[in-house]
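Structure, as structure tokens:
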Amino acid sequence: MKKSRLILLATTALIAALTAGCGSNDATNNATDSKDKATTQEEKVVQDQLGRDVKIPTKVDRIVTGGILPFYSTWYVATDSTKEIVGMHPNSYSAAKNSILAKISPDVLKAETSFVKNGEVNVEELMKIDPQIYFEGTADEKTIKKVETTGIPVMGIKAIDAVKNTEPMGTFNSWLKVISDITGTTERTDRFLDEGKQVQNELNEKLSKVKESEKPRAMVLFNHSKDSIVVAGNNFFGNQWLNATGAKDVAQKDIVGTKEVNMEQIYKWNPDVIYITDFTATQPEDLLKNKIAGQDWSQVKAVQEGKVYKTPVGIYRWFPPNGDAPLMLKWMAQKNYPDLFTYDMKTEIKNYYKDFYSYDVSDDEAEKILHPSSDSALQ
């Protein structure tokens, strides 16, 4: 019971981070559009996603990522390196150590997590790590102000912009832009953007022939335990993924962000498909075999038809912004329309990782990506 409460508290903090900035001002919306401003040979000024000018070293080789959990993986996608990541949030680390990134770029496991104590940043421990930049979600003003008192430059990063980024890759693309401003490199960022656009266009071409009445009604189970059912809805990543892959979000009209619901609400929605995010330890078998005490999932259509799926974990968890987003689009589109998208996902993963990460994925590794263990969930 104690562990359940801790996980729920961690989830609440995560939701705050992931929904950051939805109501921010116009200055924030233009945050990543500014160009670098030179100051000296050793320093330059870049703009963060709060619209603030932040003075940073010209050469950055020591960064720490805080409550903006996926951001460490974004650094890798943009730079092809994790050696600069000297610290990250413990919930980021739990994903990293259970992901294939630990094999591709093992330096990621050298990152310190000791600066976060009971969900709070300990500035004394953070200063021992000696970062040149600290990245934090824009919603966590308390932490941003606390870290700034140390003199460490803080870059505010928006978790989701519901106004500008109505498609699932928009947020991640904006993060890549920030890192490009910092490092001055754009090659990998441009490659990723091109790949994402190409995949989405391919999906759109096929999905344009699907009638509205034929679209599956899907639900995203964001976090789950015997004590709590949290569903994702509008203005959140699940809704964006579903829209991009031709499904109807059953919670779109009832939930903004995420919300705890009961089984009666699930019965009312009665989704055709259920997606379980990689932030929760629940596996499809838990619902399919009705293992959760006090919850009868056998009455739900998706369970009756065996259409319950766990979101994969590759470079990072696939549910939020991540470097495997083109693969996430293909994976979910295929789950929604198995007769329309007939490619082999293991082959798609192997080709993508070989081309983009220069890494040869084995059959076993591809299987683990597609069917992650519960260890990668929030700790």
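Answer yes if at least one residue in the range 158-179 is open to solvent by 10 Å² or more (accessible area, probe 1.4 Å), part of a helix (DSSP H, G or I) and of a type outside the set (Ser, Thr, Tyr), and no otherwise.
Looking for residues that are open to solvent by 10 Å² or more (accessible area, probe 1.4 Å), part of a helix (DSSP H, G or I) and of a type outside the set (Ser, Thr, Tyr), one finds at least one in the range 158-179, hence yes.
Give the residue, chosen from VAL273, VAL300, VAL261, that is touching a residue at least 60 places away in the same chain (Cβ under 8 Å), hydrophobic (A, V, I, L, M, F, W, C) and within 28 Å of SER228 (Cα to Cα).
Working: VAL300 fails: touching a residue at least 60 places away in the same chain (Cβ under 8 Å); VAL261 fails: touching a residue at least 60 places away in the same chain (Cβ under 8 Å).
Only one candidate qualifies: VAL273.
Could you tell me which numbered condition PRO321 fails, if it satisfies all but one of (1) in a loop (DSSP other than H, G, I, E, B); (2) over 22 Å from SER92 (Cα atoms)?
Answer for PRO321: the failing condition is (2).
Could you check how many residues of the range 138-175 are closer than 18 Å to SER73 by Cβ and either modelled with pLDDT of 95 or more or among the hydroxyl-bearing types (Ser, Thr, Tyr) (or both)?
Summing the residues that are closer than 18 Å to SER73 by Cβ and either modelled with pLDDT of 95 or more or among the hydroxyl-bearing types (Ser, Thr, Tyr) (or both) in the range 138-175 gives 4.
Going residue by residue through the range 317-337, is there one that turns out to be over 20 Å from the mean Cα position of the chain (by Cα), among the aliphatic types (A, V, I, L, M), closer than 30 Å to ASN204 by Cβ and open to solvent by less than 60 Å² (accessible area, probe 1.4 Å)?
Within the range 317-337, not a single residue is over 20 Å from the mean Cα position of the chain (by Cα), among the aliphatic types (A, V, I, L, M), closer than 30 Å to ASN204 by Cβ and open to solvent by less than 60 Å² (accessible area, probe 1.4 Å).
Using the structure shown, decide if GLY314 is touching a helix residue (DSSP H, G or I) at 6+ places or on another chain (Cβ under 7 Å), loosely packed, with under 13 Cβ neighbours inside 10 Å and of a type outside the set (A, V, I, L, M).
no
Take the residues of the range 23-61 that are among the aliphatic types (A, V, I, L, M) and more than 11 Å from MET155 (Cβ to Cβ): which is modelled with the highest pLDDT?
Out of the qualifying residues, it is VAL45.
Consider ILE100 carefully, then state whether it is open to solvent by 10 Å² or more (accessible area, probe 1.4 Å), aliphatic (A, V, I, L, M), in contact with a helix residue (DSSP H, G or I) (Cβ under 8 Å, 6 or more places away or on another chain) and in contact (Cβ under 8 Å) with a residue 60 or more places away in the chain. Before the answer, list the steps.
Details: open to solvent by 10 Å² or more (accessible area, probe 1.4 Å): yes; aliphatic (A, V, I, L, M): yes; in contact with a helix residue (DSSP H, G or I) (Cβ under 8 Å, 6 or more places away or on another chain): yes; in contact (Cβ under 8 Å) with a residue 60 or more places away in the chain: yes.
Yes, satisfied.
Might you let me know whether the range 60-70 holds any residue that is in contact with a Ser or Thr (Cβ under 9 Å, 6 or more places away or on another chain) and surrounded by fewer than 22 Cβ atoms within 10 Å (Cβ to Cβ)?
Checked against the condition, which is being in contact with a Ser or Thr (Cβ under 9 Å, 6 or more places away or on another chain) and surrounded by fewer than 22 Cβ atoms within 10 Å (Cβ to Cβ), the range 60-70 yields at least one hit.
Of the numbered conditions (1) out of contact with any Ser or Thr (no Cβ under 8 Å at 6 or more places or on another chain); (2) in a helix (DSSP H, G or I), ALA333 satisfies every one except a single condition; which is it?
(1)
Considering (1) surrounded by 24 or more Cβ atoms within 10 Å (Cβ to Cβ); (2) modelled with pLDDT of 95 or more, say which one SER92 fails and leave the rest.
Answer for SER92: the failing condition is (2).
Give me the residue from the range 251-270 that is more than 17 Å from ASN239 (Cα to Cα) and among the charged types (D, E, K, R) and, out of that set, least open to solvent (accessible area, probe 1.4 Å).
GLU264
Residues of the range 129-141 being open to solvent by 40 Å² or more (accessible area, probe 1.4 Å) and in contact (Cβ under 8 Å) with a residue 12 or more places away in the chain, which ones?
ASP130, GLN132, ALA139, ASP140
Limited to the range 190-221, what total is found for residues that are exposed (fewer than 13 other Cβ atoms within 10 Å of the Cβ) and of a type outside the set (S, T, N, Q)?
Residues flagged as exposed (fewer than 13 other Cβ atoms within 10 Å of the Cβ) and of a type outside the set (S, T, N, Q) within the range 190-221 amount to 7.
In this structure, is ASN239 within 19 Å of THR311 (Cα to Cα) and touching a Ser or Thr at 6+ places or on another chain (Cβ under 9 Å)?
For ASN239, the condition - within 19 Å of THR311 (Cα to Cα) and touching a Ser or Thr at 6+ places or on another chain (Cβ under 9 Å) - is not met.
Taking ILE315, is it touching a Lys or Arg at 6+ places or on another chain (Cβ under 6 Å), closer than 21 Å to GLU367 by Cβ and among the β-branched types (Val, Ile, Thr)? Can you show your working first?
Working: touching a Lys or Arg at 6+ places or on another chain (Cβ under 6 Å): no; closer than 21 Å to GLU367 by Cβ: yes; among the β-branched types (Val, Ile, Thr): yes.
Criteria not met by ILE315.
The values are calculated or read from the model by the stated rules, or taken from the named source; none is laboratory data. This structure is a prediction, so every number in the text was calculated from the model and none was measured. A quick note on method: Cβ atoms are made from the backbone with ideal geometry, for glycine too, and the neighbour counts reach across all protein chains shown. Side chains are part of the model used for accessible areas, which takes the heavy atoms of the whole protein and leaves out ligands, DNA and RNA. Shrake-Rupley method; radii C 1.70, N 1.55, O 1.52, S 1.80 Å.
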